[in-house]
Structure formats: structure tokens, C-alpha cells
Amino acid sequence: MTEDAASALRGVEKTMLLPLWGRYSESIREHGLLHDSECVRLVESLGIDFSVISSEQLSMSRLAWVARALNVLRELRSISEKGGDLTILNLGCGLDTAFHGFVSDSVRWYDIDFPGVIALKKRLFPESDRYRLIPGSVLEESTYRRIEIQGRPVVLAVGLLYYFNADEVAQLLEIIARRIGQAAMILEYCSARGLEMGNRLVLKNSSDSVMKWSIESADELYTLSKAVRGVESYPLFQHVIPLLNGEEARQAELSDRLAIMSFAKLLLQRI
């Protein structure tokens, strides 16, 4: 890793570091719920200091990033167990290291984000025939022209959609349906209560990353686009709570009862 890359990484927005912080902090715990060796290698080789983020974020914010990572892993494993080739599109990838350990002879993975993010990521992670980095807005159809689908397509939109408005979410669904066709889409959404709580934290930390989109039920996704043909959803911590103890378990249960954040798996059809 070059010092130039290390310097650039230290200057990125905090929102890009949050998934990295969540995965790293859990990976180095003695009995952590996940272990992402690529994330640990990256953070420790660059000497990234998460002390400011840790002091600003609530403990449940960290746990939420851990839950997101575990939910994505759970969903991808469930899909891959059905056999066949997969093409995975990770929208708004940031510095996420979810691809590590999942790319194989039967899996092709595309990380997609704005050009500046991808330029940085190319300095940190080598591309291969099975792992590609695509610069561009996820809301522009031209971004998807370089993507070659092999087998079943799976689209990840985690920690992303609530920064869009409802029209932009609908636009994204229809772009995926036109450019990719029938696909599984794994996404995260928040309720109005979750939106309010998230934006209070944004204001407290003087961030410009204001959350905009919320829904109260996954069924509302059907109203956004005729491309949506099936929806399965569950609270963010549902599959993680059995692995937790003490205060973390109590807070996760409360978050799910209040429907703060949820995961959904959509079936999209070509339009």
C-alpha cells in the first residue's frame, strides 16, 4: 500500500468509513460475529484511526453496520446455495470489503460508485476478471453499460437508498429492470422514525449526508415501480439478536419493535 493511497484514504468522508469501521471493530473482537480479514488488513496497514468515529457514533450505530454485513452475507449465501453463476452489483459500494472471500469462479462482482470513490478504491484493491470497479452514478443508465451479466444477477443497495428521494428510488428500480432484467435486489430501508433518528445524528455530527426516503412497510415498494414482482422483508436485527447478549440484545430488540431499519429482498422483472 502506497503512502499516497494511505493519505487519500484518511481524507475521505466519515460516511464512507462507517461500514469499514463496523466490519473492522467486530472483526477484531475476541468472539466477533464476523471476521473480515481484508478489512482488518486494510485498516491496520493504513493505520486508520477510528477514535473520532467511535466517540461520535452510538453503540447501536456500530452494531447496525455489523448487522448489515451479516444480513448481506446471509442473503448471498442463501442465493449462492441454489447453484449456478452469479453476477453481483454492489451499488454505492464506498470502501466496503464485502467482495472479499465471495468472489470465485462462479461469482462475478462489480463495485459501483462515483468516479472519485472508485479512483481511490482502485488504489486500494486490485481488480481481476471476477472483481471489477465501475465509476458512475447508480442513477445513470450509462453506468451499467460495462457490466456483463453471467448467471443470475443480484443487486445490493445497502446503506444507500435512504439518501435518495422517492422518485430517485423508483428511477433506480426501473434502471435496474431495464439494464439488468430479472434480478434479485437486496436493500435496506428505514421508517419515518428511523429517518428522524438518523438525521438527528447527522446534525449532531455536522454531516451533509441527510437521509430523505422512508417507508412504513415493504409493501410500499410495489407502488414505486411495476418492475417489483416480489418482496420479502424483515427487521434489521432479526437474524442477529439470537447471537447477542445483554444490553446489545435489548437495544436491538427495541430497534426492531420500533421498526427503525429493515432489510428487503426484491424480485425485479424486466420492463
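The values are calculated or read from the model by the stated rules, or taken from the named source; none is laboratory data. None of the values given here were measured: they were computed from a predicted structure. FYI the Cβ positions are ideal-geometry reconstructions off the backbone, even for glycines, and counts take in every protein chain you see.
Within the bounds of the range 166-177, is there any residue that is over 19 Å from the mean Cα position of the chain (by Cα) and under 24 Å from A69 (Cβ atoms)?
no
Pick from the range 120-161 the residues that are of a type in the set (K, R) and in a helix (DSSP H, G or I): which of them is nearest to the chain's Cα centre (by Cα)?
Result: K121.
Return yes when I176 is of a type in the set (V, I, T), in a helix (DSSP H, G or I) and under 27 Å from S233 (Cβ atoms) and no when it is not.
Against the criterion (of a type in the set (V, I, T), in a helix (DSSP H, G or I) and under 27 Å from S233 (Cβ atoms)), I176 qualifies.
Got a number for residues in the range 230-245 being more than 19 Å from the chain's Cα centre (by Cα) and modelled with pLDDT of 95 or more?
The number of residues fulfilling the criteria is 5.
If I filter the range 179-209 down to residues being part of a loop (DSSP other than H, G, I, E, B) and more than 19 Å from M261 (Cβ to Cβ), which single residue comes out as modelled with the lowest pLDDT?
S206
L161 passes all but one of (1) buried (at least 16 other Cβ atoms within 10 Å of the Cβ); (2) under 15 Å from Y110 (Cβ atoms); (3) out of contact with any Gly (no Cβ under 7 Å at 6 or more places or on another chain); which number fails?
(2)
Within the range 19-49, work out how many residues are more than 19 Å from S59 (Cα to Cα), in contact (Cβ under 8 Å) with a residue 40 or more places away in the chain and either exposed (fewer than 14 other Cβ atoms within 10 Å of the Cβ) or not hydrophobic (A, V, I, L, M, F, W, C) (or both).
5
Show the residue pairs meeting these rules: Cβ distance below 6 Å; 6+ apart or different chains; first residue within the range 133-148 and more than 11 Å from D113 (Cα to Cα); second residue β-branched (V, I, T) and surrounded by 13 or more Cβ atoms within 10 Å (Cβ to Cβ).
E141/I175; R146/I134
Consider K82 against the criteria (1) touching a helix residue (DSSP H, G or I) at 6+ places or on another chain (Cβ under 6 Å); (2) surrounded by fewer than 22 Cβ atoms within 10 Å (Cβ to Cβ): it satisfies all of them except one. Which criterion is unmet?
Just one mismatch for K82, condition (1).
Return the pairs, sorted by first residue and then second, in which the second residue is assigned to a strand (DSSP E or B) and among the charged types (D, E, K, R), the first residue lies in the range 243-269 and is surrounded by fewer than 16 Cβ atoms within 10 Å (Cβ to Cβ), the beta carbons are less than 7 Å apart, and the residues are 6+ apart or on different chains.
Once the first residue is surrounded by fewer than 16 Cβ atoms within 10 Å (Cβ to Cβ) and sits in the range 243-269, its partners that are assigned to a strand (DSSP E or B) and among the charged types (D, E, K, R) give L267/R229; Q269/R229.
Which residue, of L20, L63, L33, L9, is at pLDDT 85 or above and within 18 Å of G116 (Cα to Cα)?
Exactly one residue qualifies, and that residue is L20.
Just a yes or no: is a residue in the range 207-225 touching a Leu at 6+ places or on another chain (Cβ under 8 Å) and β-branched (V, I, T)?
Yes: the range 207-225 contains one or more residues that are touching a Leu at 6+ places or on another chain (Cβ under 8 Å) and β-branched (V, I, T).
Would you please name the residue that is nearest to E148 (Cα to Cα), looking only at residues in the range 173-189 that are of a type in the set (D, E, K, R) and surrounded by fewer than 21 Cβ atoms within 10 Å (Cβ to Cβ)?
R179
Those residues that are touching a residue at least 60 places away in the same chain (Cβ under 8 Å) and either farther than 21 Å from V155 by Cβ or buried (at least 19 other Cβ atoms within 10 Å of the Cβ) (or both), I need them from the range 99-124; list them, please.
V117, L120, R123, L124, listed by residue number.
So in the range 85-104, with the set limited to residues that are of a type in the set (S, T, N, Q) and part of a strand (DSSP E or B), which one is nearest to the chain's Cα centre (by Cα)?
Going through the qualifying residues, I end up with N90.
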